[in-house]
Amino acid sequence: MAGPDAELTAKLQPDVPHAARIWNYWMGGKDNFQSDRAAGDAVAEVYPEIVLMAQQSRLFLVRAVRYLAAEAGIRQFLDIGTGLPTMQNTHAVAQGVAPDSRIVYVDNDPMVLVHARALLASTTSEGVTTYVPADYHDPEKILAEAAQTLDFDQPVAVMFMGVMGYEPDLSVVRSIVERTMDAMPSGSYLVLWDGTNTSPAVVSGAERLAQSGGVPYILRSPADLDSCFSGLTKVEPGLVPIPLWRPDEPDVTAIDAYGAVARKP
């Protein structure tokens, strides 16, 4: 392999557990190494529900994007911290409902960028799917580059899907969300979920992740996550464990991860 992808691939560090690859492993993906599987197994030993959380996080994404495209009429999606492409990614769900949907994925990870090459080729002829290499700590850069694809005079769905735990300071998290949403017009939406410190087992799992060499992940209370939706109107049923947000099946189990979809007035 030559060119920019070769340089990125050289940075992948297969011997060091990697957050996106560990999550990929829990979701049943193939883009992970032994170090990632070892770290993932260590967490699952003390918190087996982590695998269910990973799977339910994707189902929440599917339901939220489907709602936004089919019921709310959203045609633009800004997916920040997208992670490794797996199954039923944002563009596939949105364009499956509305083929003219425009999706911008954002991530700062070199491995994600390598895999995004394949992702970018998967789109409808009517829609657009692009990728912005950027860190969510720099909303202004994200917005400037996303504006090449998205029309910020029209509503946009901004998505932070299980990524804010990598920022330890809640005030910084709230600032990132606020600065991003401030740039969006009325009628835009925020979709956000994250792991919560709602059981001793999940707290032990987060501790085991850090001990195994993975990047520490900060679990927050539902009230902390709720503060990220300040000034927005949450869609029913509000902020709930993600399996309980408009479930397709009647029998679902609550887990230590809360999320919501909210509209900007």
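Those residues that are modelled with pLDDT of 95 or more, of a type in the set (A, V, I, L, M, F, W, C) and buried (at least 17 other Cβ atoms within 10 Å of the Cβ), I need them from the range 204-233; list them, please.
From the range 204-233, those modelled with pLDDT of 95 or more are 218-233; that's our starting set.
Those left that are additionally of a type in the set (A, V, I, L, M, F, W, C): 218-219, 223, 225, 228-229, 232.
Ile218, Leu219, Leu225, Cys228, Phe229, Leu232, listed by residue number.
Looking at this structure, is Leu113 of a type in the set (A, V, I, L, M), modelled with pLDDT under 95 and buried (at least 22 other Cβ atoms within 10 Å of the Cβ)? Spelling it out, it is not the case that Leu113 is of a type in the set (A, V, I, L, M), modelled with pLDDT under 95 and buried (at least 22 other Cβ atoms within 10 Å of the Cβ). Taken over the range 116-134, the criterion of being part of a helix (DSSP H, G or I) and surrounded by fewer than 19 Cβ atoms within 10 Å (Cβ to Cβ) is satisfied by Arg117, Ala118, Leu120.
In the range 15-40, which residues are assigned to a helix (DSSP H, G or I) and among the hydrophobic types (A, V, I, L, M, F, W, C)? Steps first, please.
Restricting attention to the range 15-40, the residues satisfying the condition of being assigned to a helix (DSSP H, G or I) are 19-26, 34-40.
Within the range 15-40, Ala19, Ala20, Ile22, Trp23, Trp26, Ala38, Ala39 qualify.
Give the residue that is modelled with the highest pLDDT, with candidates limited to residues of the range 91-110 that are under 21 Å from Gly29 (Cα atoms) and either among the aromatic types (Phe, Trp, Tyr) or part of a loop (DSSP other than H, G, I, E, B) (or both).
Of the range 91-110, the ones under 21 Å from Gly29 (Cα atoms) are 91-93, 105-110.
Restricting the remaining residues to those that are either among the aromatic types (Phe, Trp, Tyr) or part of a loop (DSSP other than H, G, I, E, B) (or both) gives 105, 108-109.
Details: Tyr105: 95, Asn108: 89, Asp109: 85.
Restricting to residues being under 21 Å from Gly29 (Cα atoms) and either among the aromatic types (Phe, Trp, Tyr) or part of a loop (DSSP other than H, G, I, E, B) (or both), the top hit is Tyr105.
The criterion of being crowded, with 23+ Cβ neighbours inside 10 Å, touching a helix residue (DSSP H, G or I) at 6+ places or on another chain (Cβ under 9 Å) and either in a helix (DSSP H, G or I) or without any contact (Cβ under 8 Å) to a residue 24 or more places away in the chain (or both) holds for Val43. Among the residues here, Ala54 qualifies as assigned to a helix (DSSP H, G or I), of a type in the set (Gly, Ala, Ser) and either in contact (Cβ under 8 Å) with a residue 24 or more places away in the chain or under 16 Å from Met159 (Cα atoms) (or both).
Conditions (1) more than 18 Å from Thr82 (Cβ to Cβ); (2) loosely packed, with under 14 Cβ neighbours inside 10 Å; (3) among the hydroxyl-bearing types (Ser, Thr, Tyr); (4) touching a residue at least 24 places away in the same chain (Cβ under 8 Å), marked per residue:
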residue	(1), (2), (3), (4)
Phe152	yes, no, no, yes
Pro155	yes, no, no, yes
Met164	no, no, no, yes
Ile176	no, no, no, yes
Thr180	no, no, yes, yes
Gly187	yes, no, no, yes
Leu192	no, no, no, yes
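Any idea which of Leu113, Leu68 is among the hydrophobic types (A, V, I, L, M, F, W, C), within 30 Å of Arg208 (Cβ to Cβ) and under 17 Å from the mean Cα position of the chain (by Cα)? Give the steps one after another, and end with the answer.
Working: Leu68 fails: within 30 Å of Arg208 (Cβ to Cβ).
Only one candidate qualifies: Leu113.
Residues that are of a type in the set (Ser, Thr, Tyr) and farther than 18 Å from Met164 by Cα: does the range 101-111 have at least one? So far as the range 101-111 goes, yes, one or more of its residues are of a type in the set (Ser, Thr, Tyr) and farther than 18 Å from Met164 by Cα. Checking each residue in the range 1-22 for being at pLDDT 85 or above and under 12 Å from Pro85 (Cα atoms) picks out only Arg21.
The values are calculated or read from the model by the stated rules, or taken from the named source; none is laboratory data. Quick caveat, the model's predicted, so the values are computed rather than measured. Methodologically, a virtual Cβ is constructed for each residue, glycine included, from the backbone with ideal geometry; neighbour enumeration extends over all protein chains shown.
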